Structures are given as C-alpha cells and as structure tokens.
Amino acid sequence: MIDRYIREGYLEEGSKLANAMRKVPRELFMPDRYVEDSYSDDPFSIPPFSSRGQTISAPYTYPLFYGPLELGEGDKFLEIGTGSGYGAALAREMVGAEGKVVTVEINPTTYRFGREKLRKAGYDDILAMEGDGSKGLPKEAPFDKICLTAAAPDFPEPLKEQLATPGKMIGPIGSTSRSPSVFGSGQDLILLEMDARGEEGRKTVERVIYVPLRGAHGKV
Ligand code: SAH
C-alpha cells in the first residue's frame, strides 16, 4: 500500500510520514472484525460501531493531513478525535523523542478502544485523554501543530488560542450534513497557518468527508 502511495505521488520515499507508515502496523489499530482489510483504502467503523460515525480514517488521509502540517522533530502535537489511535501513533513516530503527542476523544467507548490499541502497540508515551477536544487542552498548550479529525463549521476558537505562534492547524471545515445538497457533501480540508505575529492565513488542500465534531464548539 505504501509503495503504491509513493508511486502515485501521495507520499515521498524516505519522508518522515512514509517511514512512520512503514513502522506502525495498521492492523494493530483495526477492530478484530476488519483486520483483513487493514491495508485497503477505506475508513472502517470502530467501537461503539454506531451509525454516528466513529471510524479509523482511510490510510490515504494521513498524507493529506500530515503532509501540509509538516509534522516534524520536536513538535508538540494535539489531535482532536483519537478514534483508533492510529493517527496518534504515526504522529508519535514523526515528532521524535523531543516531541510530544496529546490526543483527545469525546466518545468513552471509542476512547477506551483507542487507548487500549495504543497501549498494546507500545505507545505509552502518548497523552490520551477522554473529553471534549473542541475546547482544546489549555493545560498542555501551546501546540505547534493541531489536527482536527472531525468536521466543524469552522476552527474552534479555543484551538486557535492554543496554537503556538508560529503554528499550523488542519481540519475538515464546512457542512456536516449527511445528505448531499446542491452544494455537494463533505468539507474543505483547510490548513490554517499562524505566523510569528499571530496573523492567520488559510489554504484549501482537498475536498474530504468527515464525521461531525461534537462538543461545545462542534456541530451538535
Ligand atoms: N484519527 C482517527 C479518526 C477518528 S474519526 C483514526 O484514524 O482512527 C473522528 C473521531 O473524532 C471520532 O472518534 C469522534 O468520536 C471524535 N470526536 C468528535 N468530536 C470530538 C470532540 N469534540 N472531541 C474529541 N473527539 C471528538
């Protein structure tokens, strides 16, 4: 799968992300019932297996998110939406010994699933918290990089405040309605770059479809 991503130009051979994807066994983060599908290009439902949509994101989404974010050595990284824990594990490999990964999950069942997967895969040095990530985690701020893995109408204000200057945040921004409308369904994956003076710039990376961000600054 990774060789194919490289051939197709999604991933660069020798990049931090390619190395991380080769190192972290995705099968350790899959629910038992889908283990055989660990290397197919799809998202899969994870506990509590509800239609409200906790998923392990499709593997190609990591190049989409972590590429523009330029996750690197020494970064303090916050992930909103732990899900399976796979994204946090990849990030842990990318930020190195000097970096730190903090991840927050709002659904208690998903949280227990993700935390257990991370523990079994040997990622004890990731700070995994249960709670409303739309409020960020002021105790641990500022963060050099923030990744929102659920869709919101806009970047939650507390997350902007907890971003370092300079810093980068990425996430699916736009409508979280499930039924396609005249505007189509899905969201824009937007990269927000905060410069050293706290001035904000935005770039649209791609069109994506994500489950809604819940909590105080989410949709519901
Ligand atoms: N990176 C994860 C993707 C998980 S899907 C993976 O690949 O496994 C998005 C997750 O965001 C879901 O588990 C959902 O429960 C969670 N979520 C939604 N709103 C949240 C919030 N306000 N705070 C924390 N997590 C949230």
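Got at least one residue in the range 58-71 being farther than 26 Å from Pro142 by Cα and of a type in the set (Gly, Ala, Ser)?
To start, the set of residues in the range 58-71 that are farther than 26 Å from Pro142 by Cα comprises 58-60.
From the residues that got through so far, the ones that are of a type in the set (Gly, Ala, Ser) too are 58.
Scanning the range 58-71 turns up at least one residue that is farther than 26 Å from Pro142 by Cα and of a type in the set (Gly, Ala, Ser).
So which residues in the range 96-107 are in a strand (DSSP E or B), within 10 Å of the ligand (Cβ to nearest atom) and not hydrophobic (A, V, I, L, M, F, W, C)?
Keep residues of the range 96-107 that are in a strand (DSSP E or B), which gives 100-105.
Subset that is within 10 Å of the ligand (Cβ to nearest atom): 103-105.
Result: Thr103, Glu105.
Just the residues that are part of a loop (DSSP other than H, G, I, E, B) and in contact with a Phe, Trp or Tyr (Cβ under 9 Å, 6 or more places away or on another chain), please, taken from the range 108-125.
Ala121
Scanning the range 49-60 for residues that are of a type in the set (A, V, I, L, M, F, W, C) and touching a strand residue (DSSP E or B) at 6+ places or on another chain (Cβ under 9 Å), which turns out surrounded by the fewest Cβ atoms within 10 Å (Cβ to Cβ)? Let's see the steps before the verdict.
Keep residues of the range 49-60 that are of a type in the set (A, V, I, L, M, F, W, C), which gives 49, 56, 58.
Restricting the remaining residues to those that are touching a strand residue (DSSP E or B) at 6+ places or on another chain (Cβ under 9 Å) gives 56, 58.
Numbers: Ile56: 25, Ala58: 14.
In this case the residue turns out to be Ala58.
Could you list, in sequence order, all residues of the range 124-143 that are within 13 Å of the ligand (Cβ to nearest atom) and not small (Gly, Ala, Ser)? I'd like the intermediate steps shown before the answer.
Residues of the range 124-143 that are within 13 Å of the ligand (Cβ to nearest atom), as a first pass: 126, 128-137.
Hits for the range 124-143 are Ile126, Met129, Glu130, Asp132, Lys135, Leu137.
Looking only at residues in the range 113-123 that are touching a residue at least 24 places away in the same chain (Cβ under 8 Å) and more than 10 Å from the ligand (Cβ to nearest atom), which one is surrounded by the most Cβ atoms within 10 Å (Cβ to Cβ)? Walk me through it before giving the result.
Residues of the range 113-123 touching a residue at least 24 places away in the same chain (Cβ under 8 Å): 113-115, 117-118, 120-121, 123.
Now narrow it down to the ones that are more than 10 Å from the ligand (Cβ to nearest atom): 115, 118, 120-121, 123.
Numbers: Arg115: 20, Leu118: 25, Lys120: 11, Ala121: 18, Tyr123: 21.
Looking at residues that are touching a residue at least 24 places away in the same chain (Cβ under 8 Å) and more than 10 Å from the ligand (Cβ to nearest atom), I get Leu118.
Within the range 197-220, work out how many residues are within 16 Å of the ligand (Cβ to nearest atom) and of a type in the set (Ser, Thr, Tyr).
Summing the residues that are within 16 Å of the ligand (Cβ to nearest atom) and of a type in the set (Ser, Thr, Tyr) in the range 197-220 gives 1.
If a residue has to be of a type in the set (Phe, Trp, Tyr) and over 25 Å from Leu28 (Cα atoms) to count, how many in the range 107-161 make the cut? Step through it out loud before you land on a result.
First pass over the range 107-161, keeping only residues of a type in the set (Phe, Trp, Tyr): 111, 113, 123, 143, 155.
Filter once more, so that each one left must be over 25 Å from Leu28 (Cα atoms): 143, 155.
Within the range 107-161, residues that are of a type in the set (Phe, Trp, Tyr) and over 25 Å from Leu28 (Cα atoms) number 2.
Kindly list the number of the only condition in (1) within 18 Å of Met21 (Cβ to Cβ); (2) of a type in the set (S, T, N, Q); (3) surrounded by fewer than 16 Cβ atoms within 10 Å (Cβ to Cβ) that fails for Ser84.
Condition not satisfied by Ser84: (3).
Identify, please: which residue in the range 1-48 is in contact with a Ser or Thr (Cβ under 7 Å, 6 or more places away or on another chain) and free of Cβ contacts under 8 Å to residues at least 60 places away in the same chain and is, among those, surrounded by the fewest Cβ atoms within 10 Å (Cβ to Cβ)?
From the range 1-48, those in contact with a Ser or Thr (Cβ under 7 Å, 6 or more places away or on another chain) are 26-27, 29-30, 43-48; that's our starting set.
Now narrow it down to the ones that are free of Cβ contacts under 8 Å to residues at least 60 places away in the same chain: 27, 30, 43-45.
Details: Glu27: 13, Met30: 20, Pro43: 17, Phe44: 19, Ser45: 15.
For the range 1-48, the residue satisfying everything is Glu27.
Sort out which residues of the range 80-93 are more than 7 Å from the ligand (Cβ to nearest atom) and touching a strand residue (DSSP E or B) at 6+ places or on another chain (Cβ under 8 Å), and write them in order of number. Show your work before the answer.
We begin by selecting, within the range 80-93, every residue more than 7 Å from the ligand (Cβ to nearest atom); these are 88-93.
Those that are more than 7 Å from the ligand (Cβ to nearest atom) and touching a strand residue (DSSP E or B) at 6+ places or on another chain (Cβ under 8 Å): Ala88, Ala91, Arg92.
Inspect the range 188-196 for any residue being closer than 21 Å to Ser45 by Cβ and away from the ligand (no atom under 16 Å from the Cβ) and give the result as yes or no.
At the first step, the residues of the range 188-196 found to be closer than 21 Å to Ser45 by Cβ are none.
No, every residue in the range 188-196 fails to be closer than 21 Å to Ser45 by Cβ and away from the ligand (no atom under 16 Å from the Cβ).
Which condition does Arg197 not pass, out of (1) surrounded by fewer than 21 Cβ atoms within 10 Å (Cβ to Cβ); (2) modelled with pLDDT of 95 or more; (3) assigned to a strand (DSSP E or B), if it passes all the others?
Just one mismatch for Arg197, condition (3).
Between Gly167, Gly215, which is crowded, with 18+ Cβ neighbours inside 10 Å and within 18 Å of Leu71 (Cα to Cα)?
Details: Gly215 fails: within 18 Å of Leu71 (Cα to Cα).
Only one candidate qualifies: Gly167.
Looking at Lys76, is it in contact with a strand residue (DSSP E or B) (Cβ under 9 Å, 6 or more places away or on another chain), charged (D, E, K, R) and more than 12 Å from the ligand (Cβ to nearest atom)?
Numbers: in contact with a strand residue (DSSP E or B) (Cβ under 9 Å, 6 or more places away or on another chain): yes; charged (D, E, K, R): yes; more than 12 Å from the ligand (Cβ to nearest atom): yes.
Against the criterion (in contact with a strand residue (DSSP E or B) (Cβ under 9 Å, 6 or more places away or on another chain), charged (D, E, K, R) and more than 12 Å from the ligand (Cβ to nearest atom)), Lys76 qualifies.
The values are calculated or read from the model by the stated rules, or taken from the named source; none is laboratory data. Predicted model only: the values in this text are computed from it and were never measured. Reconstructed Cβ throughout: ideal geometry from the backbone, glycine too, with neighbour counts over all protein chains shown.
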